[in-house]
Amino acid sequence: MVTIKVDNLIDFVGEVFSHADSSSEEARRIATYLTTANLTGHDSHGVIRVPVYIRWKKMGSVVPNQTPEILIDTPSLAVVDGKFGYGQTVAPVAVKLGIEKCKKAGLAAVALRNAGHIGRIGDWAEMAAAEGLVSVHFVNAAGSLLVAPFGGVEKRLSTAPYCVGIPRQGQDPIVLDFATSIVAEGKVLVASRGGKKLPVGALVDSDGTLSEDPHVLYGPYTPDGQRDHTKGTGAIRAFGEHKGSGLAFICELLGGALSGTGATAPDRRFANGMLAFYIDPKVIDPANFFDGEISRYVDFIRETKPIAGTDKVLIPGDPERKTRAERTKNGIPLPDDTWAAIVNTAREVGVSEVSIQRATS
Ligand code: NAD
């Protein structure tokens, strides 16, 4: 395990993307969002993605320095085409538009289509919450066929995340943000690289056997070699039996089909699609009942007697807040395999040995 200081990691990852044709602004933005995913404890969506992003860039499936296009623009609704630009570049444009429209109309919906990987969806809910807005995000990852629907053993869904952000006055927002699969694919990636093991039965093989072995998804691989989810015989399972599988299906239809990205299919180019709704609580609730009621209810939930083996009942957003505080102070731990794969990629794009050494100083 190596532990890297937050600023060093952002500088280093930014250098990798600068060497891969991104402008310095884009490179730093990608590095900052990926590092934020690590900071919040979502290592699956953090810098472990650097080799994959650079591979996608080389294949032309993600385009550096892309300018998204606004295809539809009404007072309360917009459709933004990310044109396969980096998600970290095109998603903030769509979210900013949703925020602006919502501040004028009280309610807005913005569909983002054809975005490169938009990472941790909580980032976009936090962006809206920072402006005092509630947001709800339905997302799919077209082309990323990974998840078996309830009752099936074949991949038909992406890990299709769902996210809700709720601002609080003078406090951090409440952010519920999860993949609709038992685990996000990145968590299988992390486990395959020596990180945290998968929960029991997170995967299903083609014969219906439940498994936690990443080889079920990726087939054979070497420690720092590529992971390809088209090579395995099995799938990740949708969470929550028929209910979670149903939510995943809706994310595919709203985040994928309605956004214009397309629902997940084996022959689609990788893209995230996101349909997001923004609501201004100040418009719907001028008497400001909401914020006090949130506080009352949060306390009520926190005071639940915990089940044996659990310290206390948490609120969505608590685990991320705790990890962010710890890692901001102590740095970001990365398994050796993960770091080796990032360093290999850095060397491939021409980052100097001096910069590689500096990252771990
Ligand atoms: P997860 O299973 O860790 O669940 C995270 C959510 O559950 C958070 O809202 C967290 O605050 C809450 N939570 C966790 N423990 C809790 C507890 N004990 N009590 C109450 N709440 C608790 O997340 P995941 O499914 O592994 O997803 C990880 C990340 O991957 C997310 O940020 C998601 O947006 C991202 N993702 C992105 C894509 C994409 O295509 N861009 C696809 C899938 C997932």
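Can you list the equivalent-ellipsoid semi-axes of the chain, largest first and in whole Å, using the square root of 5 times each Cα gyration tensor eigenvalue?
Whole-Å semi-axes of the equivalent ellipsoid: 30, 24, 23.
Using a Gaussian network model on the chain with a 10 Å cutoff between Cα atoms, which of I301, I72, I30 fluctuates the most?
Maximum among the listed residues: I301.
Hey, rough spin-label estimate for S355 and V200, points 7 angstrom out along Cα→Cβ, what's it come to in nanometres?
Result for the modelled spin labels: 4.6 nm.
Could you tell me the calculated FRET efficiency between I72 and R296, based on Cβ-Cβ distance and R0 = 35 angstrom, to the nearest 0.05?
0.30
When the Kirkwood radius is taken over all Cα pairs of the range 83-129, what Stokes-Einstein diffusion coefficient follows at 20 °C and 1.002 mPa s, in µm²/s?
So the translational diffusion coefficient is about 196 µm²/s.
Which of K57/K322; K96/K282; K243/K305; K57/K101 have a Cα-Cα distance over 22 Å?
Over 22 Å Cα-Cα: K57/K322; K243/K305; K57/K101.
Once amide H atoms are placed 1.01 Å from N in the peptide plane, what residues at a sequence separation of 5 or more from I118, or on another chain, have their amide H within under 5 Å of its amide H?
When sequence neighbours closer than 5 places are left aside, the close amide H contacts are N272.
With every protein chain left in place, what is the accessible area per residue of the range 127-278 in square angstrom, probe 1.4 Å?
I get 42 Å² per residue for the range 127-278.
Under 5 Å between amide H atoms, partner at least 5 residues away or on a different chain: which partners does I332 have, H built in plane at 1.01 Å?
Amide H neighbours of I332, under 5 Å, 5+ apart: I4, K5, V6.
Tell me which aspartates and glutamates have Cα within less than 18 Å of K58's Cα, excluding those fewer than 8 residues away on the same chain?
Straight-line reach from K58, under 18 Å: E15, D21, E26, D228, E348.
Say R0 is 45 Å: what FRET efficiency, to the nearest 0.05, do A325 and D207 get from their beta-carbon distance?
The formula returns an efficiency of 0.50 here.
Once label points are set 7 Å from the Cα along Cα→Cβ at both T304 and Q169, what is their separation, rounded to one decimal in nm?
2.7 nm
Could you give the nm distance between label points at L107 and A257, where each point is 7 Å from its Cα heading toward the beta carbon?
That separation, rounded to one decimal, is 2.3 nm.
Report the dimensions of the range 148-216 along its three principal axes from the alpha-carbon atoms, largest first, rounded to Å.
In descending order, the Cα extents are 51, 29, 16 Å.
When only C-alpha pairs under 8 Å and at least 6 residues apart count, what is the relative contact order of the chain, in percent?
23 percent
Take the chain, connect every pair of alpha-carbon atoms lying under 10 Å apart with a spring to form a Gaussian network, then pick out the residue of M127, M59, M274 with the largest mean-square fluctuation.
Judging by the Gaussian network model, the answer is M59.
The values are calculated or read from the model by the stated rules, or taken from the named source; none is laboratory data. Quick caveat: nothing in here was measured; it's all calculated off a predicted structure. Because the Cβ atoms are built from the backbone with ideal geometry, glycine has one as well, and the counts that use them run over all protein chains shown. Keep in mind that these areas ignore ligands, DNA and RNA; they rest on the heavy atoms of the full protein, side chains included. Shrake-Rupley method; radii C 1.70, N 1.55, O 1.52, S 1.80 Å.
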